[in-house]
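The values are calculated or read from the model by the stated rules, or taken from the named source; none is laboratory data. Computed from a predicted model, the values in this text were never measured in an experiment. Here the Cβ positions follow ideal geometry from the backbone for every residue, glycine too, while neighbour counts run over all protein chains shown.
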Amino acid sequence: MNIVLGITGGIAAYKAPDLVRRLRERGAEVQIVMTASAEEFVTATALQAVSGRAIRSNLWDKEAEAAMSHIELARWADVVLVAPATAEVMARIVSGAAPDLLTTICLATEAPIALAPAMNHVMWSNPATQANKAVLEERGIHILGPATGSQACGETGAGRMLEPDTIAATVCGLSVGKGEGLLEGRTVVVTAGPTREPIDPVRYITNRSSGKMGYAIARAAAAQGANVVLISGPVNLPAPPGMQVRMVRTAQEMFDTTHDQIAAADIFIAAAAVVDYRPTSAKQQKIKKDNETASIELVRCPDILASVAALDAAPFTVGFAAETEKVEDYARSKLEKKKLDMIVANQVGDDRGFDRDDNAVSVLWKNGKQEFPTRAKADLARDLIELVAKHFYAARGADAQPKLTVISGND
Ligand code: PMT
């Protein structure tokens, strides 16, 4: 994969050499294009050494333009990644202004563009930046992150650039051309994140799911050309571009929304941490702290995965199993009991699985399994989707008609 990596003038530019290394580890060729302000934060020498290619920065560099013009660069790219992406470069891309080599390439390329924003949290939440983000996403530009946490300026909030490994894994999973995806024209429904089961107007039962695993799976399916419907519990993640996203809160809402969408699904992947038990009746008023102890009667939530697998025209159904012990035994019994096609088993507890950027899983099916050691969820998701696609076609036939034939405008 040929990647043009645009580096702009944010403090996170110091992470660029590590990002280049991660991209090249995944087999990508990386051509760096720096803006003038980027050179305040990282040297061209360091970047040339780590990328193995001459750095480009100046649109009027006659020698460099003669060797490979900005148009040839725009055509060479399978993906244009801008990391870090400042608020200012986001505004320039929205407006179509192209005063420098990087924004000229962004205007001239037909390849997917991905931006990894990095800025102070107040700049990120500024209405102008948020409006620019919305316009960019509407145009199909991938906004990767940002993360929330402590910032170089000493403040804390949303605006931290995602870690280089996560950016590299996500970008390398972007589909590099229409019509080439394993799941072209297929519909994939994915559930992600936790659910929230109200106790009273101010309290609820939930769990530690961040949605990262399910969102990575949805992105990976979209990168393989699928029409993706992501059904998400409450999470602190931006809606991934290029798919339908349905936000829900309770297990019942997730159940209802899944069944609204499932008829069109070729594949269903249940990565959500759906709460198993909810209060039999949520109180209308806040429960007062009158007694030393309190108890709540709980009732089972609807089992979304089992209900989908039980459908007459069930999609190819992939469940998850989050277990703290006997992981594969419990997962295999769920595979059989719920009559699933595949199940992704991951060990949780001791800070594993939930709310982190990596995971380790074993994928089980009737006559086999495949293990995936700990790696970035974006990487893992890409491999999971490839494995699911392989088994889907083996089960349904490679020429099986898609459930939902997408009639594009020019058909
Ligand atoms: O979201 P992250 O922070 O990235 O964390 C990822 C994860 C740990 C949540 C994910 O990898 C994972 O394991 N998801 C499944 C968690 C879960 O609820 O596992 P379970 O063994 O309790 O449920 C088994 C399966 O039934 C799951 O596919 C679940 O989506 C589904 N289920 C469970 C209960 C219910 N009422 N309806 C369901 O569909």
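Just so you know, in region 291-347 the residues that are within 12 Å of the ligand (Cβ to nearest atom), more than 27 Å from the chain's Cα centre (by Cα) and part of a strand (DSSP E or B) include one that is nearest to Ala381 (Cα to Cα), and it is Arg300.
Please find, among Val202, Val228, Val188, the residue that is surrounded by fewer than 18 Cβ atoms within 10 Å (Cβ to Cβ), more than 12 Å from the ligand (Cβ to nearest atom) and touching a residue at least 12 places away in the same chain (Cβ under 8 Å). Residue meeting the stated conditions: Val202. Going by the conditions given, is Pro234 at pLDDT 90 or above and either within 15 Å of the ligand (Cβ to nearest atom) or closer than 30 Å to Met123 by Cα (or both)? Yes. Checked against (1) of a type outside the set (S, T, N, Q); (2) crowded, with 24+ Cβ neighbours inside 10 Å; (3) within 16 Å of the ligand (Cβ to nearest atom), Ala223 passes all but a single condition, namely (3). Taking every residue in region 368-389 that is more than 19 Å from Gln347 (Cα to Cα) and pairing it with any residue that is among the polar types (S, T, N, Q) and surrounded by fewer than 21 Cβ atoms within 10 Å (Cβ to Cβ), at least 6 positions away or on another chain, the pairs with Cβ-Cβ distances below 7 Å are Leu387/Gln370. Restricting attention to region 269-282 and to residues that are within 12 Å of the ligand (Cβ to nearest atom) and over 24 Å from the mean Cα position of the chain (by Cα), the residue that is nearest to Ser307 (Cα to Cα) turns out to be Asp276.
Out of curiosity, is Thr170 within 16 Å of the ligand (Cβ to nearest atom), within 20 Å of Gly140 (Cα to Cα) and of a type in the set (S, T, N, Q)? Explain how you work it out, then say what you get.
Numbers: within 16 Å of the ligand (Cβ to nearest atom): yes; within 20 Å of Gly140 (Cα to Cα): yes; of a type in the set (S, T, N, Q): yes.
Yes; evaluated as a whole, the condition is true for this residue.
For Asp266, are the conditions met, namely being more than 10 Å from the ligand (Cβ to nearest atom) and either of a type in the set (Asp, Glu) or in contact (Cβ under 8 Å) with a residue 40 or more places away in the chain (or both)?
Numbers: more than 10 Å from the ligand (Cβ to nearest atom): yes; either of a type in the set (Asp, Glu) or in contact (Cβ under 8 Å) with a residue 40 or more places away in the chain (or both): yes.
Here the answer is yes, as Asp266 does meet what is asked.
Within region 87-100, none of the residues are touching a residue at least 12 places away in the same chain (Cβ under 8 Å) and either among the polar types (S, T, N, Q) or over 28 Å from Thr129 (Cβ atoms) (or both).
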